[in-house]
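Report on the structure given below.
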Amino acid sequence: MKLLQALLNPTTSEMTPEVLTYLVSFMIPELPEQPQQQTILEQTTNETNYRLPETVSPKFYELSLTIDPENETFSGNVNIRFDVAENISVSDISVNVDGDYIVIETVTLNKNINCTTGTPDETHILLVSCPENATGKDNYLYLSYTGNFSTDGYGLVKSTYNDQGKQQVLVQSVFKPIYARRVFPCFDEPELKAAFSIEITHPSDYTAISNTQGDGGEDTGIRADLSTTKFNITKEIPTYTVSFIISKLQEVKMVDEDYDFKIFARNDVANSLSAVVGKYYTKIIDKINKYMEITYDSLGTTECYQVVVPEYSDTAGGFGMFVYRETDLLDDGDKTTNIAIQKIIKNLAYNLIHEWYGGDLTVKRWSDSWANEAVALYLSNIIADEVITNLDLSNQFVIEDVHIALRTDAYPSALPLSSSETSIELSTDISLDTSNYQKGASVLRMINSCIQKERSMQSSLVYHWTKRNGLNTDGLDLVEDLTKNMTDFLKGASLFSYFNTWLTSPGYPLLTAKVVNVTGSGVEVVRLFQKRFVYPTNDTKVDDEVKWTIPLSSSSGQKDEFSIRVELYWGLEDGIYYFGSKDNYLLFNVQRGFFYRVNYDEVLWKRVIKYMKIEEKRAVMDSLTRAQLVDDIFNIARTGDVSYSLAFQLVEYLDNETDYYPWYSAFSVFSYLLGKLGDDKAEEGLKTFILGLMNHIIQNVNEIAPDSENHVDLLKRVMILKWASDLNHKRTVSSLLEKFKNFQEKQSSIEDYNLRQVIFCTGIRHSENVTEDWNFLWNVYSTSSSVHEQGDILKALGCTKNEDILKSYLSKIITPDSGIKKEDSLTIFKSVFSSFNGLPVDLSFLKKFMKEVMSQELNTWPEILYEIAEKLHTDESYAWFTDMLSNEIFDGHEDVVSKAKTITSVNNYWANNFQVYVKEILLNLPTTTATNPTTEKSISSASTEHTTELTESTSIIATTEGSATTGRLSIITAASLILLILVLT
């Protein structure tokens, strides 16, 4: 009877979860699905076997290397103790060797010298065949060899740098993911861990450091100019975490009451680095120790070396030795910007967390390396925020990492976080993409939003680490432990089962809300349905079968409140319904708590737009949600599921927005459009429209003191004034030019150091004597001792409109001794992009010198290609780019080529299908936009844009007054809704 009363009168308090559960149990045939206009590329698998046999497992390596940084080759020998699986004997042993870098000289198995070897093929597997079989435990495989230094930044890498006026050489190992095999024969897979005893023979005037403490180097007794450094035995670690550096870097030992650690850096910057590391290191370690409930000292026999190198690889170092680029760790005092300070703290936290996640806890397969990286990225924001409370990195994470991951994962070529691994090579492409780390961290944030009512993420991560400590783990293990014993209160299902699709399927869902009925009493019935969100191209196909179990949160404008509820997990039903009020806006996934986008039909979008433009209504909506709405609507417009007219109407509210996060999102979506409209008037119209929205925010940031203690306000000030300068806001440009001229006259540090790069860029862009001013700034770069000032100058030098200067600037990338560091090549390309005519110059340069760019040992060249691809959109540029990518110089880089082509094809599809509607809107805007942003009417009347219809069956809901609850998330399936209507009518 109680249940029947609830059915007959659902406005009472009897509409409990139990009632909803009963309703959900009724099923009817599936409603027609929304037609899919997008497609997904079918994933191909590599059938070649790159995996080592599971019959042999290494236990101990004795690795001896002779490395002279002045030579072109090195030599080594390795004695590997291994066990054979029970009841098996083997005569053939498979180990990883990259034959392009290592030449085997002798091989013995258990001292049998009659072993032979084959030739490593594309799988990098060397087959060692011996006349006697190996069985049981404690077998020994000995190999001696010679090797070549790397030419692409992975393996054993040489670089040069200047220190106190002298050129020095540095050798460092870069083994992650599969490059230890370039330096010594090994079992180069993550789960095959073993202990290492390492000794390195090197010139006596060099220092060798590794994961564990060394003996300082002893004379070899063979040559007076050589020393051998022997290192303490490590605990069992995977090959990719083995690290060493041979250099003349200066050692600075840091000792305080609780910690003993060392810094290695150039003499020129060692003191500055010791100051910053000493300032933040102990605080960060203290916070991590407290968070993880286990101290760094108790993790094992490792050192804690912070090594700062001029030439840097982001995959170098790990487990006791962490490698940084100077700009990522050096505090120049009054020359260090706020953004640099937050980067320093976050980088320290990110690396040190790897001692727990990545050093002590390792992954089973490369396809799951995202798990540890995601934890490190997620926690680095939390830890950094505790070290300096006003950084607000946890919120910055949303507009930066989460939004970037949402864009990257929307490409049709996106790959899943976790996959069945049949190819080490293929899985490397999957797991070591930074966007995968960002998506993984975003999924962790989503899990936190789901579990936070019952337990903390901190306790869940501690449980995971404690349970898996010393073992090999994977992404599924991580999620299973985080959601242990937690169930959906409606369905009783394990939360762990809900997250499988998020890990094993590429992409993420687009949740769409559509009004299907309004009752006479104003109760609104909204249907929710999902599909995969994908940027469309001309030749991709959609997988209609993929569905996600979606955590639902909602908020509305009822009673001017902005409360958030997570009340239901929606899985594979045909659709669910929400009862709300037609007088309030309706929002889902507020504060971007979950990793998906939300679209609304025109009725709901216009209601949101209306409320966004009313200050007292907007004020109750938090800043991250406003940023999310801006990001969602423009990205969804790229697929045709919502009109650009509505997107431009929504951002009109920005003329009264003063918070950092919505503007950050706005500039991100505006950046995509700028340069892609194919019409000078439309481009100017877009710039004028943006500038018209910025009048109030420009006034707001001009009232922020350069020395304000509000960190986010200072970030906002720099961002707004940069865009104002780029868009040629006259008062801003005039003020910045005056600062540039004062700098030229005084030639001393710019007091407003946070604006340094904006000042330099404005001075070069608007120079009346560009050659003289450009050379002046280049001379400042060449003589500056501040790596942060140098970085700002590199970004500014590409701001000139002079094509000859831009060409000369790009040529420095491939010119020996030009003064440009190899890893700065991407900075220079991006700098040239920033020029109004920079893209044609970049394209012309690549057409002539792509081979030379790739031969410069630049592991940043893929990012250069991706940056170029992101700017291309015309049929002609698409044809040229795809033709260039077919060149033989890209052989072996199919993953990079595929990603670059996909980016370009997405842009090309957008230009051919949606560019015309954006141009129509912008070309029909009132000319007063620059000072008074257009009204909703002017935008909506400016385009007759076609959008993909939100296809829905004819309304099935009869008009029944008082037939549903409002003001809360009341959700049922279509079948249950029909049953309810039948009862009520």
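The values are calculated or read from the model by the stated rules, or taken from the named source; none is laboratory data. Bear in mind the structure is a predicted one, so any value in this text is a computation, not a measurement. Quick reminder, even Gly has a Cβ in these numbers, built from the backbone with ideal geometry, and neighbours come from all protein chains shown. For accessibility, only protein heavy atoms count, side chains too; no ligands or nucleic acids. Shrake-Rupley method; radii C 1.70, N 1.55, O 1.52, S 1.80 Å.
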Top-ranked residue in region 752-791 [being part of a loop (DSSP other than H, G, I, E, B) and in contact (Cβ under 8 Å) with a residue 60 or more places away in the chain; ranked as nearest to residue 163 (Cα to Cα)]: 785
Which condition number in (1) closer than 20 Å to residue 700 by Cα; (2) among the hydrophobic types (A, V, I, L, M, F, W, C); (3) modelled with pLDDT under 95 is the one that residue 759 fails? (3)
Any residue in region 302-324 that is at pLDDT 80 or above and open to solvent by 30 Å² or more (accessible area, probe 1.4 Å)? no
Assess whether residue 866 counts as being farther than 27 Å from residue 794 by Cα and either of a type outside the set (Gly, Ala, Ser) or surrounded by 18 or more Cβ atoms within 10 Å (Cβ to Cβ) (or both). no
Need pairs with beta-carbon distance below 6 Å; first residue in contact (Cβ under 8 Å) with a residue 60 or more places away in the chain and within region 99-116, second assigned to a strand (DSSP E or B) and open to solvent by 30 Å² or more (accessible area, probe 1.4 Å); sequence gap 6+ or separate chains. 101/148; 104/117
Within region 638-699, which helices (runs of 4 or more DSSP H) (wholly inside it) include 1 or more residues that are at pLDDT 95 or above and open to solvent by 20 Å² or more (accessible area, probe 1.4 Å)? 660-673, 680-693
Members of region 804-826 that are closer than 18 Å to residue 162 by Cα and more than 29 Å from the chain's Cα centre (by Cα): 815, 816, 817, 818, 819
Going residue by residue through region 197-208, is there one that turns out to be of a type outside the set (D, E, K, R) and touching a Cys at 6+ places or on another chain (Cβ under 8 Å)? no
Of the residues 80, 93, 104, only one is open to solvent by 30 Å² or more (accessible area, probe 1.4 Å) and in a strand (DSSP E or B); which? 104
Among what's in region 140-181 and is of a type in the set (Gly, Ala, Ser) and free of Cβ contacts under 8 Å to residues at least 60 places away in the same chain, pick the residue that is nearest to residue 249 (Cα to Cα). 165
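With the structure loaded, tell me whether residue 483 is without any contact (Cβ under 8 Å) to a residue 40 or more places away in the chain, open to solvent by less than 10 Å² (accessible area, probe 1.4 Å) and of a type in the set (Ser, Thr, Tyr) or whether it fails that test.
When the stated conditions are applied, residue 483 passes them.
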Just for region 830-845: of the residues that are crowded, with 18+ Cβ neighbours inside 10 Å and out of contact with any Gly (no Cβ under 8 Å at 6 or more places or on another chain), which one is nearest to residue 787 (Cα to Cα)? 842
Conditions: (1) free of Cβ contacts under 8 Å to residues at least 60 places away in the same chain; (2) in a loop (DSSP other than H, G, I, E, B); (3) surrounded by 14 or more Cβ atoms within 10 Å (Cβ to Cβ). Residue 749 meets all but one. Number of the miss? (1)
Looking at residue 887, is it over 25 Å from residue 800 (Cβ atoms) and surrounded by fewer than 18 Cβ atoms within 10 Å (Cβ to Cβ)? yes
Please identify the pairs in which a residue from region 608-632 that is closer than 19 Å to residue 596 by Cβ and of a type in the set (Lys, Arg) has its Cβ atom under 8 Å from the Cβ atom of a residue that is assigned to a helix (DSSP H, G or I) and open to solvent by 10 Å² or more (accessible area, probe 1.4 Å), counting only partners at least 6 apart or on another chain. 626/618; 626/661
Restricting attention to region 114-136, which residues are within 19 Å of residue 61 (Cα to Cα) and over 42 Å from the mean Cα position of the chain (by Cα)? 134, 135, 136
Among the numbered conditions (1) surrounded by fewer than 21 Cβ atoms within 10 Å (Cβ to Cβ); (2) touching a helix residue (DSSP H, G or I) at 6+ places or on another chain (Cβ under 6 Å); (3) in a helix (DSSP H, G or I), tell me where residue 724 comes up short. (1)
Can you list the strands (runs of 3 or more DSSP E) lying wholly within region 256-374 that have 2 or more residues being farther than 30 Å from residue 718 by Cα and more than 21 Å from the chain's Cα centre (by Cα)? 260-265, 305-309
Here are the criteria: (1) surrounded by 19 or more Cβ atoms within 10 Å (Cβ to Cβ); (2) modelled with pLDDT of 95 or more; (3) within 40 Å of the chain's Cα centre (by Cα). Tell me which single one residue 139 does not satisfy. (3)
Which numbered condition trips up residue 337, out of (1) crowded, with 20+ Cβ neighbours inside 10 Å; (2) of a type in the set (S, T, N, Q); (3) closer than 16 Å to residue 387 by Cα? (3)
All but one of (1) buried (at least 16 other Cβ atoms within 10 Å of the Cβ); (2) closer than 27 Å to residue 57 by Cα hold for residue 236, so report the exception by its number. (1)
Just to be sure, is residue 716 modelled with pLDDT of 95 or more and either on the phi < 0 side of the Ramachandran plot or of a type in the set (Asp, Glu) (or both)? yes
So residue 744 passes all but one of these: (1) exposed (fewer than 15 other Cβ atoms within 10 Å of the Cβ); (2) at pLDDT 95 or above; (3) not aliphatic (A, V, I, L, M). Which condition number does it fail? (2)
Could you list all residues from region 151-177 that are in contact with an Asp or Glu (Cβ under 8 Å, 6 or more places away or on another chain), at pLDDT below 90 and buried (at least 22 other Cβ atoms within 10 Å of the Cβ)? 153
Scanning region 512-524 residue by residue, those more than 30 Å from residue 443 (Cα to Cα) and in a strand (DSSP E or B) turn out to be 516, 517, 518, 523, 524
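Okay, residues lined up against (1) open to solvent by less than 20 Å² (accessible area, probe 1.4 Å); (2) modelled with pLDDT of 85 or more; (3) on the phi < 0 side of the Ramachandran plot; (4) assigned to a loop (DSSP other than H, G, I, E, B):
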residue	(1), (2), (3), (4)
436	yes, yes, yes, no
439	yes, yes, yes, no
447	yes, yes, yes, no
453	no, no, yes, yes
463	no, yes, yes, no
510	yes, yes, yes, no
536	yes, yes, yes, yes
Residue hits (region 179-198; basic (Lys, Arg) and part of a loop (DSSP other than H, G, I, E, B)) are 193
Would you confirm, using the coordinates I've provided, whether residue 209 is crowded, with 21+ Cβ neighbours inside 10 Å and in contact (Cβ under 8 Å) with a residue 24 or more places away in the chain? yes
